[in-house]
Amino acid sequence: MMKCRICKTDDATKKNSHQLPSFLSVMVSSGGDYKRDKELMFTFDKYRTEVYARGLSSTKWDETFDDLTEERLQQISINPVSEDYVFCPNCEKMLAEFLESPYSMFFKDCKNIDADIPLFFWISVAWRLSVQEKQGFSFGQELNEKLRSLLHRYLLCKENKEDITNLVKEAGVSYRMVRCKDFCRTHAGFIHCRYDEKNEFFSIIVGDLCVCMNFKGDSIPEHFSLYGLEKDIKNAAVNKGVEKEKWIDISVEDYEDMIYRFVRHAARTRIKGLFEIAEEMWRKCNMFGCMPITKKIAFADMVVSQEAKIGDKYLPEIYIQAFKEVTSNPLYN
Ligand SMILES: [Zn+2]
């Protein structure tokens, strides 16, 4: 049995630990009602798109997928932000009791909470995603361990009702936040993380929120950009866990503009990935030289414009089919 990622002493026996707290998770799953029973989530990187779906209405299923095989059904039922056997029951309970419940109450119902809670909540979110390594980034061993230790000591202090002033100071972590309230109720939400290792600067876009954290101070890196939101982030107040959390509210238009820029960036990344996949298939098939660029473009075009339903796009079968087509058809020379 693996040891718990937080305390490193007890056995990690908890199943279904959410690496993204539920009130954030519901923002990035479609449905619009911020409820947990209906979820549809897409995660993607340069090479793959993964789909997670649960409890959708039959119309939504029909819109999203064609007939699913047993194997595909199993694949799409794996929640990308939940993991088994990573925490012990006590740490999981402390996370919920001291960070997630109070922060979600503060967030949803404006309940008054201790000023350190939001800071450690965001530290816990960033650390969990980094350790899980499923969002295309990792802080590296040293920073992961620093954050783990801070989080563990924080939870213990809270449990023993000890003063946490020194721990907040020692953390030296700051963050700024921008919000587009209720955006995901009417639009689709997503999660996207970026990590600037040199400056220890982490940005996360999750549902209605963008949070930018600095793990070694409170400045913003010189060439920082975040799909057009950089100005708002710069104008946002710095949170250090000593005062009530502050953020800037931005308009739906500005948030949509950010998403538009993000999609353009993601599309460029995806095309690069598709070119690499095509090249790799070319090599594996022992074809002569490099794959001609015209064929690569035809391949990417075919994959992207494939008339599959959204949940069925980017499956390996589609890559193979497109590759066969462009290599056998003399039209693509
Ligand atoms: Zn533990």
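The table below lists the values:
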item	result
FRET E, pair residue 279, residue 62, Förster distance 41 Å, beta-carbon r, rounded to 0.05	0.70
Surface/4 of the Cα convex hull for region 137-210, nm²	6.5 nm²
Proxy reagent accessibility, fewest Cβ within 10 Å first, across 4, 193	193, 4
C-alpha long axis of helix 116-132 to longest principal axis of the chain, angle in °	30 degrees
Using a Förster distance of 41 Å, the FRET efficiency for residue 251-residue 74 (Cβ separation, nearest 0.05)	0.50
Under 18 Å from residue 244, Cα to Cα: aspartates and glutamates that are on another chain or at least 8 residues apart	100, 109, 114, 116, 163, 218
Proximal lysines to residue 231, defined as alpha-carbon separation beneath 17 angstrom and excluding residues fewer than eight positions away on the same chain	246
Long pairs among 111/240; 134/324; 46/240; 181/313, criterion Cα-Cα beyond 28 Å	134/324; 46/240; 181/313
Separation of alpha-carbon centers, region 271-316 and region 1-24, rounded to whole Å	38 Å
Per-bin percent of Cα-Cα distances, region 233-333 [5 Å]	2, 11, 16, 16, 12, 9, 7, 6, 7, 6, 5, 3, 1, 0
Extension gain from residue 54 to residue 318, taking 0.36 nm per residue of separation minus the Cα-Cα distance	92.6 nm
Gain in span if fully extended, residue 304 to residue 114, counting 0.36 nm per residue against the direct Cα distance	63.6 nm
Förster radius 56 Å - calculated FRET efficiency between residue 297 and residue 161 (Cβ-Cβ, nearest 0.05)	0.35
Percent of Cα-Cα distances greater than 29 Å, calculated over the chain	45 percent
Peptides 301-307, 119-125, 218-224 ordered by average Cβ neighbours within 10 Å, highest first	119-125, 301-307, 218-224
Label-point separation in nm, residue 261 to residue 149, each point 7 Å along Cα→Cβ	3.7 nm
Ordering of 104-117, 58-71, 201-214 by packing [mean C-beta count within 10 Å, highest first]	201-214, 104-117, 58-71
Length released on extending from residue 181 to residue 169, taking residue separation times 0.36 nm less the Cα-Cα span	1.3 nm
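Every number here is computed from the coordinates shown, using simple stated rules; none is lab data. Source: prediction; values computed, not measured. So basically every Cβ, Gly included, is an ideal-geometry build from the backbone, and we count neighbours across all protein chains shown.
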